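The values are calculated or read from the model by the stated rules, or taken from the named source; none is laboratory data. As the structure is a computational prediction, the values presented were derived from the model and not from experiment. Positions of Cβ are generated from backbone atoms using ideal geometry, with glycine treated the same way; all protein chains shown enter the neighbour counts.
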Amino acid sequence: MSSSIPVRRFDTLVIGAGGGGLRAALQLAQAESHVAVVSKVFPTRSHTVAAQGGMNAALANVLPDNWHWHMFDTIKGSDYLADQDAVEYMCRAAPRLVVELEHAGVPFSRLDNGKIYQRPFGGQSQNFGGDQAARTCAAADRTGHAILHSLYQQNIHAKTHFFDEYLALDLIRDESGYILGAVVIEIETGEPLIIEAKATLLATGGAGQIFRTNTNAHINTGDGLGMALRAGIPLQDMEFFQFHPTGIAGKGMLITEGARGEGGYLLNKDGERFMERYAPNAKDLASRDVVSRAIYTEVKEGRGCGPNADHVMLKLEHLGPEVIQKRLPGIRATIQTFLHIDPINEPIPIYPTAHYTMGGIPTNRYGQVVAPLGNTAEETVPGLYAAGECACVSVHGANRLGGNSLLDIVVFGRAAGNHIIEFLEENRYHRPLTGDSVDKAMARLARWDQKGEGESVKQVRDDLKKTMEDYCGVFRTDEVLAEGVDKVIELEQRLENARLRDHSKVFNTARVEALELENLMDVAIATVCSAHARKESRGAHSRIDFPDRDDERWLKHTLFFKEERRLDYKPVRMKPLSVDSFPPKARVY
Amino acid sequence: MRFSIYRYNPETDNKPYMQDFEVVVNAGMMLRDALLNIKEQDESFTFRHSCGEGVCGSDALNINGTNGLACITPISPLKEPVEVRPLPGRPVIRDLVVDMTQFYHQYRSVKPYLIVHDPEPEEEYRQSPEEREKLDGLYECILCGCCSTACPSFWWNPDKFRGPAALLQSYRFIADSRDQATAQRLEELEGPYRLFRCHTIMNCTNVCPKELNPTKAIGEIKKIMLKNNT
């Protein structure tokens with residue numbers, strides 16, 4: 001054990017300061033648990049800030065609604081891969097948690113009666129598949145910003161301890177499997193620090209940066225996913241990666257599903273509202289996987305727009321300037337900035353873009369990390385929790401519904417916080433720091449001090465993102481995926497020979513990016529290997545060679561282990577908490 | 001296109017200097033794209049950035065003398081060589097990365113959170129669309145720091161003057177129909193510095209990349225104070 005590294009001690013360590021991490025931290029700080037939040041960026045720069053359209057909750061402020069309908073839509077949207085106990089828990093908690101956020105200061109848009117404004121979103125229905133519902137609570141099209149800032153503000157009030165611009169390297173795990181905290185580095189000084197904690201929560205977000213064109217921020221590099229894999233914990237359902245239907249063509253910036261929720265629709269080069277063919281009932285508000293595949297098909301069959309026929313159009317003009325200015329001001333500004341057009345007057349060129357990591361660190365509905373490490377498929381990893389996009393509860397299964405990710409982070413951030421409070425009551429003392437985790441983390445850091453010739457990190461990263469886009473995109477086949485596996489493994493070897501030119505300590509972002517790339521590499525391998533193995537089409541995982549869903553063989557969760565790139569499977573929890581199970585049915589919109 | 005970039009690495013440089021880079025530009029390129037290209041040329045070049053679409057507030061810089069966000073600043077209209085410097089008045093950590101501690105401290109000082117004394121109802125607080133509209137132009141702040149670091153009053157008194165970003169947040173809560181701490185908020189802004197160092201120079205409003213108007217918010221706070229004192 002390296003003894004020269006300074007140590008700080010807290011009851012709980014939260015890694016990541018997006019909505020999930022901050023909601024958990026708030027729960028803990030209010031319970032007077034000593035909590036530290038480590039974030040590689042200042043908290044309000046976390047990617048929750050970019051969420052636009054809103055957060056689902058059956059408030060029934062606009063149209064009739066109840067949590068049970070929300071539960072059905074979520075399970076159908078997941079293509080029946082979601083765990084039904086967790087979905088019931090989330091949908092039941094949703095109305096209360098939205099109200100809680102409102103009380104915490106979130107500036108939701110309002111209806112004339114003073115209640116929270118709700119808009120229709122994709123995959124929502126009344127009465128188990130009937131008419132369109134309006135379930136998405138919105139603060140214009142800046143809901144993520146509104147929620148993240150309010151949660152940060154409440155954490156200021158609760159005196160949460162923040163380590164801003166510290167990068168977590170690896171978890172510390174002792175011989176009996178307890179997680180004892182993490183090794184981090186202070187980016188400003190480059191100095192390592194051990195943060196000891198009785199409980200550690202990973203809330204590090206998604207890994208959209210494994211794909212070249214994505215809606216994600218530069219920081220979305222799956223750090224928690226890499227840390228879990230290196231600690232021997234598997235990742236679940238990584239083959240399910242969501243491509244958002246409406247990214248700005250060629251650039252990737254997100255145009256919220258709320259644009260279609262407010263009445264926008266898609267057109268091909270013939271001016272046809274083509275979604276009517278793919279989803280006769282829900283049309284443009286079908287699930288994201290359905291709409292993304294439809295756009296790909298339109299383009300592939302020659303009905304794309306523009307000189308290269310490589311995108312389709314999102315039409316909003318008919319909504320009128322008032323709706324666009326009031327309900328969609330953020331995307332209007334983005335479109336004006338990046339396309340120099342005004343959606344009030346012109347349609348927007350759009351194309352599907354990598355957006356959301358459905359898979360992640362396997363947890364139960366209390367946020368406890370569970371893995372087949374002992375005798376059963378779901379042994380808890382003591383002292384370790386995960387919440388938000390980095391976790392896989394699973395409430396999103398094979399395809400997440402729009403508006404369910406902001407909900408996921410607050411519901412399970414809070415649930416994890418609550419369970420940690422219980423855990424701390426039973427685990428009153430820090431366990432002694434033993435094991436070789438710290439040495440391993442320091443070796444991982446020291447490896448980048450190597451000098452001499454070698455490829456640049458940037459080159460390997462660019463090639464990885466291109467490879468994932470080409471070999472693990474929306475439509476997949478055995479042949480292409482097999483080649484993808486080989487190529488990504490080749491890249492992993494190239495990464496070993498990559499070298500930094502800059503070995504300085506102070507605010508060395510080149511080093512940060514090298515460490516991030518190691519995480520992206522682990523995540524990419526998990527994704528392409530899991531995708532290659534799943535021989536069916538379900539939700540976002542679309543196999544041309546296995547076009548149908550195969551519940552008999554594949555109604556199960558994938559688990560990918562870093563060691564020997566081993567795959568394992570576990571059953572889907574089909575039994576909800578209190579209501580009847582929703583058995584798999586054909587999924588039509 | 002030519003870029004002149006502020007460089008300073010405390011481990012190797014006695015003092016900062018400007019360094020020139022050439023970048024091959026294409027249509028629609030933003031300043032952030034050019035800076036990423038420069039980082040490809042010289043890995044040691046350091047700046048903060050993340051979302052790439054003007055919502056996270058990481059990449060606030062001084063561009064040809066004016067503060068702005070690199071990711072939503074198109075480079076085609078910029079005068080050559082494009083001079084890129086760190087935000088003014090803040091201690092430089094390295095290259096374009098500045099220490100924003102004091103800025104964040106001032107933000108925390110205005111108690112930027114909703115304060116309600118009454119018991120909470122089971123449902124949401126009711127707020128009419130008109131009441132909610134009063135928060136537009138206030139809640140959208142991304143804490144990039146462009147405004148406060150463009151403000152001469154903040155340059156001279158960053159420890160005593162709250163600065164435009166923090167004062168905008170203060171007014172965001174004063175203007176919120178749900179907040180019950182207006183009197184306390186106003187009282188805490190009394191005195192010659194915290195609020196009243198604002199001399200309506202309006203640099204803040206001119207540079208805000210989200211087109212918010214801190215000067216107006218500060219004016220509104222002054223108006224309420226004046227009304228209360230008469």
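Summary of values
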| read-out | value |
| --- | --- |
| Scope region A:212-230; condition part of a loop (DSSP other than H, G, I, E, B) and under 14 Å from A:Ala526 (Cβ atoms); matching residues | A:Thr221, A:Gly222 |
| B:Asp118 being more than 9 Å from chain A (Cβ to nearest Cβ), farther than 21 Å from B:Gly219 by Cβ and either free of Cβ contacts under 8 Å to residues at least 40 places away in the same chain or over 13 Å from the mean Cα position of the chain (by Cα) (or both) | yes |
| All positions within region A:259-300 that are among the charged types (D, E, K, R), in a loop (DSSP other than H, G, I, E, B) and in contact with a helix residue (DSSP H, G or I) (Cβ under 6 Å, 6 or more places away or on another chain) | A:Glu262 |
| Residue that is nearest to B:Pro86 (Cα to Cα), among those in region B:119-178 that are basic (Lys, Arg) and surrounded by 24 or more Cβ atoms within 10 Å (Cβ to Cβ) | B:Arg162 |
| Of all residues making up region A:270-329, the number that are among the polar types (S, T, N, Q) and on the phi > 0 side of the Ramachandran plot | 0 |
| Qualifying residues in region A:26-47 (those that are assigned to a helix (DSSP H, G or I), within 14 Å of another protein chain (Cβ to nearest Cβ) and in contact with a helix residue (DSSP H, G or I) (Cβ under 7 Å, 6 or more places away or on another chain)) - the one farthest from A:Gln368 (Cα to Cα) | A:Thr44 |
| Which numbered condition A:Gln236 fails, given (1) over 25 Å from A:Ala377 (Cβ atoms); (2) under 18 Å from the mean Cα position of the chain (by Cα) | (1) |
| Test: residue in region A:382-401 that is over 17 Å from the mean Cα position of the chain (by Cα) and either in a helix (DSSP H, G or I) or buried (at least 24 other Cβ atoms within 10 Å of the Cβ) (or both) | yes |
| Meets criteria (within 29 Å of B:Gln180 (Cα to Cα) and of a type in the set (Lys, Arg)) for A:Arg119 | no |
| Residue in region A:440-452 that is within 14 Å of chain B (Cβ to nearest Cβ), touching a Lys or Arg at 6+ places or on another chain (Cβ under 8 Å) and either part of a helix (DSSP H, G or I) or surrounded by fewer than 18 Cβ atoms within 10 Å (Cβ to Cβ) (or both) present | yes |
| Test: residue in region A:423-439 that is among the small types (Gly, Ala, Ser) and either assigned to a loop (DSSP other than H, G, I, E, B) or within 14 Å of chain B (Cβ to nearest Cβ) (or both) | yes |
| One residue from B:Leu114, B:Leu87 being touching a helix residue (DSSP H, G or I) at 6+ places or on another chain (Cβ under 8 Å), assigned by TED's automatic domain parsing to the domain that holds B:Ser177 and among the aliphatic types (A, V, I, L, M) | B:Leu114 |
| Some residue of region B:121-131 being facing another protein chain (nearest Cβ under 8 Å) and outside any loop (DSSP other than H, G, I, E, B) | yes |
| Tally of residues being in contact with a Pro (Cβ under 8 Å, 6 or more places away or on another chain), more than 7 Å from chain B (Cβ to nearest Cβ) and crowded, with 18+ Cβ neighbours inside 10 Å across region A:98-131 | 1 |
| Qualifying residue in region A:42-63 (condition: within 30 Å of A:Ile195 (Cβ to Cβ), surrounded by fewer than 24 Cβ atoms within 10 Å (Cβ to Cβ) and not small (Gly, Ala, Ser)) | yes |
| Residue satisfying condition, being more than 9 Å from every other protein chain (Cβ to nearest Cβ) and more than 15 Å from B:His105 (Cα to Cα), within set B:Pro152, B:Pro164 | B:Pro152 |
| Residues (touching a Lys or Arg at 6+ places or on another chain (Cβ under 8 Å) and buried (at least 21 other Cβ atoms within 10 Å of the Cβ)) located in region A:257-273 | A:Glu257, A:Gly258, A:Gly261, A:Gly264, A:Leu266, A:Asn268 |
| Within region A:29-60, tally of residues that are of a type in the set (S, T, N, Q) and over 22 Å from A:His157 (Cα atoms) | 2 |
| Pair list, Cβ < 6 Å and 6+ apart or interchain, from region B:187-198 residues that are surrounded by fewer than 16 Cβ atoms within 10 Å (Cβ to Cβ) to residues that are among the charged types (D, E, K, R) and at pLDDT 95 or above | B:Tyr193/B:Lys160 |
| Residue that is nearest to the other protein chains (Cβ to nearest Cβ), among those in region A:468-501 that are buried (at least 17 other Cβ atoms within 10 Å of the Cβ) and free of Cβ contacts under 8 Å to residues at least 40 places away in the same chain | A:Leu495 |
| Any hit, region A:213-223, residues being away from chain B (no Cβ under 14 Å), on the phi < 0 side of the Ramachandran plot and crowded, with 23+ Cβ neighbours inside 10 Å | no |
| Filter result (part of a helix (DSSP H, G or I) and under 16 Å from A:Met358 (Cα atoms)) within region A:48-89 | A:Thr48, A:Thr74, A:Ile75, A:Lys76, A:Gly77, A:Gln84, A:Ala86, A:Val87 |
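Residue by residue, here is whether (1) hydrophobic (A, V, I, L, M, F, W, C); (2) more than 10 Å from chain B (Cβ to nearest Cβ); (3) touching a helix residue (DSSP H, G or I) at 6+ places or on another chain (Cβ under 6 Å) holds:
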{"residue": "A:Ala134", "(1), (2), (3)": "yes, yes, no"}
{"residue": "A:Cys137", "(1), (2), (3)": "yes, no, yes"}
{"residue": "A:Ala146", "(1), (2), (3)": "yes, no, no"}
{"residue": "A:Gln154", "(1), (2), (3)": "no, no, yes"}
{"residue": "A:Lys159", "(1), (2), (3)": "no, yes, no"}
{"residue": "A:Leu171", "(1), (2), (3)": "yes, yes, yes"}
